[in-house]
Amino acid sequence: MASAKYIFVTGGVTSSLGKGIIAASLGKLLQARGYRVTIQKFDPYINVDPGTLNPYEHGECYVTDDGAETDLDLGHYERFLNIPTSQDNNITTGRIYNNVITKERKGEYLGKTVQVVPHITDEIKRNMVLLAEKGAYDFIITEIGGCVGDIESLPFIEAVRQAKWDLGAENAIVVHLTLIPYLKAAKELKTKPTQHSVKQLLQEGVQPDILVCRSEHALPADIRKKLALFCNVEYSNVIEALDADTIYDVPILMRKEKLAERVLEKMNIKNPKEPNLDKWKEFLGKLKNPTDEISIGLVGKYVELPDAYKSIAEAFIHAGAVNECKVNLEWISSELLSNDNAEELLGHLDGVLVAPGFGERGIEGKISAIKFVRENKTPFFGICLGMQCAVIEFGRNVLDLPDACSTEINSDTKNPLIDLMEEQKKITNMGGTMRLGAFDCTIKKGTLAHEIYGDTTISERHRHRYEFNNSYLDKINGAGMLTSGKNALNDLVEIVEIPEHPFFIGTQFHPELKSTVLNPHPLFVNFVKASLDNKKE
Ligand code: GLN
């Protein structure tokens, strides 16, 4: 623990400035110099984790190998750094209080009044250093969610203040991300909101070491000087963060602004290695110079909010770059789809992905989309609920079981092709109780899945309560839908495919969660390739 250095990333002026991307980019730049880096996020809301939040509230729920349901920023950390994160990388106020209250009930504070300071702040600090106790890291970057000045983030900022004091100036620094708005009428960049947000931070006892300033326009020297003077940071520690074409440009932009150098200087690290960003730049080169383009339909029910499918969208960016192909995603609301308009809404697409989801809304549209792509030989990729819908569609239209359904949608169906997992039947609590995290899957040789993975044992991440009902296995296999991947321990069907079709695959797991810049997911890579081939035909 003593050897790790801590970088806290706070935000001011407004939310949605991209703290997660700045944290991930800084992490990338340090990692590119050979340092061992991890990133964690502290979220000030009361939910114990975001697993119980609607995607409309909070975007996608990102699942880690160890089955934590986390904030979508952890997806950025993994995609940028190519490292797995865990339960310890995302902590909420709810979790902190839950831990403290559980300890209190056990009598661990016996005789004492349990208070925000020191008990809650101590628990926050314990979680700040937990990663360093479990793994060997040179840098631990901690992103504090929300904005300084929010009531709910106060204990976290107080914990940062104390951590700086505990660890010393060279071992703990604060990078503060703010916004420099441009007033069109006055043709001026304005520093006042940043000054106020730094004042707020100072009022809470924290002097930021480095300012990262989001702006639509370059920051001239006089503005940087003003920011440095009024926010009490060195001139060179005012970093400009211009809007980028893609989030993957941000590490390069931060490299130009010397963000990592400033951090290393502040932490008194002499003569660091030069960063090696060759692979990253190679990826960017391919991403920015596609030789072809395709249109993929993403059929889901949260399409108004693309953040709900963040990891899927990013996995397509990675897979597109490998294929040197621009992937245009068309978001199609499953509620608008039916057998009658499927041709009109999907006919022009090169491939269709049916998204994960929960509940009844939009299910019939997903099934109509699958009927259309199965019959028209359009490349298809179904994830989790998307795979379950593919099985239902096959049951209804190939096995001729018109009432085939999932018991999630119709608990009385006579043909429950998808049914609640046995282990789920006695569960009543909603939080953290799905089948979560990484499990092994055994792949049959000679299948599309085998060709794609080039392996017979894989590990992928899950988040579901329902499963393929094995009592229909023979019928389904007999009619031409192959179950090409299974969990060897509990016989759960993990992958289905239709060998007769040019590319038709559904997975119970979420491959999108493991796609990174350096390791684009093979299922996405091959789906993009199949869609490109389909277009060329
Ligand atoms: N609702 C389905 C289940 O719980 C699918 C979940 C998902 O798509 N993540 O099994």
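Table for the structure above
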read-out: Residue check for GLU500: away from the ligand (no atom under 14 Å from the Cβ) and acidic (Asp, Glu); value: yes
read-out: Residues being part of a loop (DSSP other than H, G, I, E, B), open to solvent by 50 Å² or more (accessible area, probe 1.4 Å) and in contact (Cβ under 8 Å) with a residue 24 or more places away in the chain - total across the stretch 170-197; value: 1
read-out: Residue that is farthest from GLU375 (Cα to Cα) [pool: residues in the stretch 306-364 that are open to solvent by 60 Å² or more (accessible area, probe 1.4 Å) and under 22 Å from the mean Cα position of the chain (by Cα)]; value: ASP307
read-out: Among (1) closer than 23 Å to SER515 by Cα; (2) out of contact with any helix residue (DSSP H, G or I) (no Cβ under 7 Å at 6 or more places or on another chain), the one test that ASN90 misses; value: (2)
read-out: Elements of type strands (runs of 3 or more DSSP E) contained in the stretch 428-537, each with 2 or more residues being open to solvent by 30 Å² or more (accessible area, probe 1.4 Å); value: 435-443, 457-464, 466-468, 482-486
read-out: Flag for GLU158 being under 22 Å from GLN31 (Cα atoms) and not aliphatic (A, V, I, L, M); value: no
read-out: Residue in the stretch 143-152 that is touching a Lys or Arg at 6+ places or on another chain (Cβ under 9 Å), closer than 27 Å to GLN115 by Cα and part of a loop (DSSP other than H, G, I, E, B) present; value: yes
read-out: Qualifying position, being more than 16 Å from the ligand (Cβ to nearest atom), at pLDDT 95 or above and under 25 Å from GLN87 (Cβ atoms), among ASP440, ASP455; value: ASP440
read-out: Test for GLU293: is it charged (D, E, K, R), closer than 19 Å to GLY18 by Cα, open to solvent by 60 Å² or more (accessible area, probe 1.4 Å) and under 28 Å from the mean Cα position of the chain (by Cα); value: no
read-out: Test: residue in the stretch 480-488 that is modelled with pLDDT of 95 or more and within 20 Å of VAL63 (Cβ to Cβ); value: yes
read-out: Helices (runs of 4 or more DSSP H) wholly inside the stretch 7-114 containing at least 2 residues that are open to solvent by 20 Å² or more (accessible area, probe 1.4 Å); value: 19-31, 55-58, 93-106
read-out: Condition check for ILE141: closer than 29 Å to ARG33 by Cβ and in contact with a Leu (Cβ under 8 Å, 6 or more places away or on another chain); value: yes
read-out: Filter pass, GLU423 being within 15 Å of the ligand (Cβ to nearest atom), surrounded by 12 or more Cβ atoms within 10 Å (Cβ to Cβ) and at pLDDT below 95; value: yes
read-out: Close pairs (8 angstrom Cβ cut-off, 6 or more residues apart or separate chains): touching a residue at least 24 places away in the same chain (Cβ under 8 Å) and at positive phi in the stretch 221-236, open to solvent by 50 Å² or more (accessible area, probe 1.4 Å) and part of a helix (DSSP H, G or I) anywhere; value: ASN232/LEU202
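For (1) modelled with pLDDT under 95; (2) on the phi > 0 side of the Ramachandran plot; (3) among the β-branched types (Val, Ile, Thr), each residue gets a yes or a no:
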| site | (1), (2), (3) |
| --- | --- |
| ASN328 | no, no, no |
| LEU337 | no, no, no |
| LEU345 | no, no, no |
| VAL352 | no, no, yes |
| GLY359 | yes, yes, no |
| GLY365 | no, no, no |
| VAL373 | no, no, yes |
| PRO379 | no, no, no |
| ILE392 | no, no, yes |
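The values are calculated or read from the model by the stated rules, or taken from the named source; none is laboratory data. The model shown is predicted, which means the values in this text are computed figures rather than measured ones. Methodologically, a virtual Cβ is constructed for each residue, glycine included, from the backbone with ideal geometry; neighbour enumeration extends over all protein chains shown. Side chains are part of the model used for accessible areas, which takes the heavy atoms of the whole protein and leaves out ligands, DNA and RNA. Shrake-Rupley method; radii C 1.70, N 1.55, O 1.52, S 1.80 Å.
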